[in-house]
């Protein structure tokens, strides 16, 4: 599915991470959503770089919002523009300043109870 935020969405297997969703954003950055963590990368090639070159930010998903690592369709139940609902019920919201994780839709829409934010630009 392609929209104004996400150019392409794929589900793939990554060594050490299991089944993951990769959301390719229009500027070329990639959001990797695994069962236990989320990573934001500068390019598709950076996702598999063992040295972490191209990693913008990486955050653990709280245990209560973690999904099943072996899920056939990965961790994303629904994605529409900047709204991403995880199979666990958590919400990833793609904001102008970065990618945030919220416990539910109401929290995301009202910008409350955010667990973390991965800024689009790494801090210097």
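The values are calculated or read from the model by the stated rules, or taken from the named source; none is laboratory data. Keep in mind that what you see is a predicted model, and the values were worked out from it rather than measured. In this analysis, Cβ positions are derived from the backbone assuming ideal geometry, glycine residues included, and neighbour counts consider all displayed protein chains.
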Exercise. Could you check, for the range 21-39, whether at least one of its residues is over 22 Å from residue 108 (Cβ atoms) and either touching a residue at least 60 places away in the same chain (Cβ under 8 Å) or touching a strand residue (DSSP E or B) at 6+ places or on another chain (Cβ under 7 Å) (or both)?
Key: no
Quiz prompt | Within the range 1-46, strands (runs of 3 or more DSSP E) holding 2 or more residues that are surrounded by 17 or more Cβ atoms within 10 Å (Cβ to Cβ) and at pLDDT 95 or above | solution = 18-25, 30-33, 37-41
Quiz item: When you scan the range 58-103 for strands (runs of 3 or more DSSP E) that lie fully inside it, which ones turn up with 1 or more residues that are free of Cβ contacts under 8 Å to residues at least 12 places away in the same chain, within 14 Å of the chain's Cα centre (by Cα) and surrounded by fewer than 18 Cβ atoms within 10 Å (Cβ to Cβ)?
Solution: 76-80
